[in-house]
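No value in this document is a laboratory result; all are computed from the given coordinates. Since we're looking at a predicted model, the values are computed, not measured. With ideal geometry, Cβ positions are generated from the backbone for all residues, glycine too; neighbour counts draw on all protein chains shown.
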Amino acid sequence: MRNILMTVMLLVVVIVLFNNIIADGTNGTSKQIESQGDSANTKISSMLGVGSN
């Protein structure tokens, strides 16, 4: 019974850490990757002259 409780508690900790570090909508890793990708797309588009008709 103790092993099951420890496993459940560990899974809860992992889920909370994932939500705070990776999936956070304002400062999370996925948001930072998305903003860097948007910035890179903008820079590439401006170098290629795409959309500047």
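Being in contact with a Gly (Cβ under 7 Å, 6 or more places away or on another chain) and outside any helix (DSSP H, G or I) is the filter here, so list the residues in the chain that pass it.
Step one: filter the chain for residues in contact with a Gly (Cβ under 7 Å, 6 or more places away or on another chain), giving 21-22, 31, 45.
Within the chain, ILE22 is the sole residue that qualifies.
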For the stretch 1-27, pairs from a residue that is at negative phi to a residue that is in a loop (DSSP other than H, G, I, E, B), with Cβ under 9 Å and 6 or more apart or across chains, are ASN19/GLY28; ASN20/GLY28; ILE21/GLY28; ILE22/GLY28
